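Right, one structure below, let's go through it.
The values are calculated or read from the model by the stated rules, or taken from the named source; none is laboratory data. Just so it is clear, the structure is predicted and the values come from calculations on it, not from any experiment. When we count neighbours, we look across all protein chains shown, and the Cβ atoms used for this are built from the backbone with ideal geometry, even at glycine. The accessibility values were calculated without ligands, DNA or RNA, using every heavy atom of the protein model including side chains. Shrake-Rupley method; radii C 1.70, N 1.55, O 1.52, S 1.80 Å.
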Amino acid sequence: MNKEVNFSENLLKWYDRNARVLPWRVPPNSNKVSNPYFIWLSEIMLQQTTVVTVQPYFDKFLSKWPTIFELALANDQDVMASWAGLGYYARARNLLKCARTVVREYDGKFPPCYNQLIKLPGIGPYTASAILSIAFSKSYAVLDGNVERVISRYYNILDPLPSSKELLQSLAQSNLSSLRPGDYNQAVMDLGATICTPRKPQCINCPVNLSCKAKELGDPAGLPKKLQKKAKPLKFGSVFIGFNEKSGYLLERRKGKGLLGGMLSWPSTDWSECSDINPPILADWIPVSGNVKHTFTHFKLELSVFKATIKKPQKPYFFVSSESFNVNDLPTVMRKAYALYLKSIK
DNA sequence: TACTCGTGGGG
DNA sequence: TCCCCAAGAGT
């Protein structure tokens with residue numbers, strides 16, 4: 001028996017006994033069919049996001065929009081508010097674009113074809129392969145962070161990411177089970193998430209430890225090697241929380257691209273290496289004690305917070321009544337500013 | 001290619 | 001406290 005068969009067979013045997021129970025997943029050997037809408041929605045949410053974080057959002061989206069047809073009819077603000085806190089908000093914008101395209105162009109059915117899937121907004125090589133293998137049983141191996149780690153260890157690949165990606169993709173594909181491509185992909189990812197972890201891999205419990213190259217002659221925990229990342233600069237800015245009893249809170253809708261694009265936000269200065277406390281609205285602004293510290297993917301941020309009673313809305317800004325205001329409609333960094341404001345008025 | 005794009009948890 | 005990383009995609 002060659003090593004490739006060994007890997008795939010042992011992995012699937014392990015998966016049959018140890019597959020995690022997830023709301024979007026069909027258990028192995030259950031004779032149930034995956035719902036492509038569930039698979040797509042979960043895969044978009046799971047991009048760079050942990051299963052634990054995704055679960056409540058997945059449940060919320062399914063309860064509000066049980067099928068792609070309802071989602072396609074949702075309004076943008078509702079979807080963005082429902083995504084708030086999950087991060088990478090381009091995913092939410094593309095999610096809605098994609099749902100509308102699939103309903104309009106494909107009668108609400110995801111095309112079981114790589115070249116068509118990859119053209120849809122928010123669907124890249126990973127997500128296209130995940131949908132094809134899990135929902136349509138087609139032979140496409142996924143390459144995500146888990147697979148990169150498992151495969152680079154199994155073959156002891158010493159070249160650093162991302163240059164080794166092409167090789168890892170072909171190795172993952174060469175091992176794929178054509179009978180159970182979806183289970184194979186999910187099995188590798190489950191293995192990476194639970195056994196072949198970034199630190200302190202539990203090789204003793206690994207179903208393929210007897211043929212793993214890194215375990216045999218290398219350092220599994222040291223793989224995959226990655227190129228060094230650059231340091232995060234520190235940026236500063238100010239946000240302004242305006243309120244009055246009658247009208248509610250003064251907010252803005254951030255422009256549709258870039259950081260926090262499309263999200264509800266407190267009026268804010270730009271964020272840069274120099275601190276800026278010039279309010280975009282005229283009022284008697286009072287500094288709120290303390291500041292907001294927040295870390296984004298590529299920079300750190302410190303925000304000063306100001307409060308004032310605002311009489312009239314001023315152009316791009318608008319009031320949201322106290323009754324309909326929900327701080328959880330805001331991204332996390334803006335929730336932090338609100339928490340500071342609440343502390344200051346108590 | 002390399003950079004942009006959130007957030008929370010673990011070591 | 002800080003760094004790493006998590007079912008990546010878009011530009």
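The amide H of A:ILE310, built 1.01 Å from its N in the peptide plane, has A:PHE243, A:ASN244 as neighbours under 5 Å, considering only residues 5 or more places off or on other chains.
Please compute the per residue accessible area over segment A:3-222 with all protein chains in place, 1.4 Å probe, rounded to a whole number of Å². Write down the numbers at each step before the final one.
Details: 10260 Å² over 220 residues.
Result: 47 Å² of accessible area for each residue.
Taking a ≥ b ≥ c as the square roots of the eigenvalues of the alpha-carbon gyration tensor, segment A:78-185 is classed oblate because a/c is 1.5 or more while a/b is no larger than b/c. Computed packing ranks the peptides A:79-92, A:211-224 as A:79-92, A:211-224, most packed first, by mean other Cβ atoms within 10 Å.
Using Cα-Cα distances under 8 Å and only pairs 6 or more residues apart, what relative contact order does chain A have, in percent?
Relative contact order here is 16 percent.
Taking the Cα centre of segment A:1-66 as reference, the dipole from Cβ charges on Lys and Arg (+1) and Asp and Glu (-1) amounts to some 160 debye.
Binning the alpha carbon pair distances of segment A:234-344 at 10 angstrom intervals from zero yields the distribution 14, 51, 31, 4, expressed in whole percent. The A:ASN278 and A:VAL21 beta-carbon pair, evaluated with R₀ = 45 Å, returns a calculated FRET efficiency of approximately 0.30. Under a 5 Å amide H cut-off, with hydrogens placed 1.01 Å from N, A:ASN156 pairs with A:LYS213, A:ALA214 among residues at least 5 apart or on other chains.
For chain A, the antiparallel share of DSSP beta bridges with both residues in that region comes to about 60%. Protein heavy-atom surface of segment A:3-222, 1.4 angstrom probe: 54% of the accessible area is carbon and sulfur, with nucleic acids and ligands not counted.
Across q = 0.16, 0.18, 0.20, 0.28 Å⁻¹, segment A:39-93 modelled as identical point scatterers on its alpha-carbon atoms has Debye log10 I(q)/I(0) values of -0.42, -0.54, -0.67, -1.38, in the order of the q list. The C-alpha radius of gyration of segment A:1-142, expressed as a fraction of 2.2 N^0.38 Å, stands at 1.10. The value given for chain A is a Kirkwood hydrodynamic radius of 22.7 Å, derived from the mean inverse Cα-Cα separation.
A dipole drawn for chain A from +1 and -1 charges on Cβ atoms has a positive end, and of A:LEU86, A:PRO28, A:GLN116 the residue lying farthest that way is A:LEU86. If only the Cβ of Lys and Arg carry +1 and only the Cβ of Asp and Glu carry -1, the dipole of chain A around its Cα centre is close to 500 debye. A simple charge model with +1 on the Cβ of Lys and Arg, -1 on the Cβ of Asp and Glu and nothing else charged puts the dipole of segment A:219-317 at about 400 debye relative to its Cα centre. Taking a straight Cα-Cα cut-off under 23 Å and skipping sequence neighbours fewer than 8 places away in the same chain, the lysines within cross-link reach of A:LYS346 are A:LYS246, A:LYS293, A:LYS307, A:LYS311, A:LYS336. For segment A:234-344, with all protein chains in place and a probe radius of 1.4 Å, 54% of the accessible heavy-atom surface sits on carbon or sulfur.
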